[in-house]
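Visitor: Before anything else, here's the structure in question.
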Amino acid sequence: MNLNTYKYFNEVAATRSIRRAADRLHIAPSAISRQIAILEHSLGALLLERSNAGIQLTPAGLVLERYTRNMFRDLERVQESIRNMKGLRLGEVKIWVIEGLLLDFLPRAIAEFNNDFPAIKFSVYSESSDRIIEAMMRDEADIGIVYNLKPRPAIEVVAEYSEPVMCVVHPGHVFAGRESVTLAEICGQQISLPVASFGLRQFVDQAFAKQRLVPDILVSSNNLELTKGMALTGRTVAIAPALAVRKELQDGRIKVVPIADLEFPAATAAVCVHRDRRLSYAAAEFLKLLVKAFQGSMISHSA
């Protein structure tokens, strides 16, 4: 069977769309449909189910998806290893990261790495903690950085960094001059928070539930910049690690107030990899820098 046939199927499985797969591969949709039909005939099983809701994988399709995803990922690693043997040191690092580390910490880490390995490229995706874990499980991400990771047998934590979660307010807000606030007091205000798939939101929801508090959440968003922006307007308070609002703190546009409740611990950002997958040369080298940064001064200087 032609390797391209499996490549076509792999793209359809990833995008759940023949047309999107065709766009990514720069070929006609009919060519993909024809090759998948040949593949189904060869295997003696349907791989795709088409409906008004789109394309779904059959049980046989799910098995083949896992195989092709691993196969092409391994092929990329073999190709990179051969390039490294030639001394070219080319490669790509795929990082999925929580939004709070995007604006300062990660750019500085990439810039430092680029000084030593200028040919290595980066693909960076900002997602919720749940989606980042899913990406590592599906081998879409080399390295993930998440908040408050729940134990997963397949996921290995290689470095952690903790800092207090704070109440984020406009400088003119009634809380701005306080030494601390309680969760009960925060629930007396309108709040902006990330959506439930974010590790930070799960962390906060657990704290509210423990005290049987019902927060007045005006805005839920999958964009932390929006929740921070709402606090900047003075209309809501937000809850976030100080790291996520570092620039606004330096500019004096926002204030952070400690949350007094003893059961409200620090948020922990964790650098993670898949326990059973070998990283590419490029990803393994960048992981060393991330571990050093988490253990050293790069994050603390950005807080």
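Read-outs throughout are calculated quantities, based only on the coordinates presented, and are distinct from any laboratory measurement. Keep in mind that what you see is a predicted model, and the values were worked out from it rather than measured.
Visitor: Per residue of the chain, what 222 nm ellipticity follows from adding -39500 (n - 2.57) for every DSSP H run with n ≥ 4, rounded to the nearest 500? Write down the numbers at each step before the final one.
Guide: Working: 11 runs with 131 residues, N = 303.
It comes out at -13500 deg cm²/dmol, rounded to the nearest 500.
Visitor: I'd like the Karplus ³J(HN,Hα) series for the stretch 155-171: coefficients 6.51, -1.76, 1.60, θ = phi - 60°, whole numbers in Hz, and an x wherever there's a Gly or Pro.
Guide: So the J values, rounded to whole Hz, are 10, 10, 8, 9, 6, 9, 9, 10, 8, x, 8, 10, 8, 9, 9, 5, x.
Visitor: For the chain, what is the percent of antiparallel DSSP beta bridges, rounded to the nearest 5? List each step's numbers first, then the result.
Guide: Working: 24 of 42 bridges.
In the chain, DSSP labels about 55 percent of beta bridges as antiparallel.
Visitor: While we're here: Below 15 Å, Cα to Cα, which aspartates and glutamates can Lys247 reach? Residues fewer than 8 away in the same chain don't count.
Guide: Filter leaves Glu99, Asp104, Glu225.
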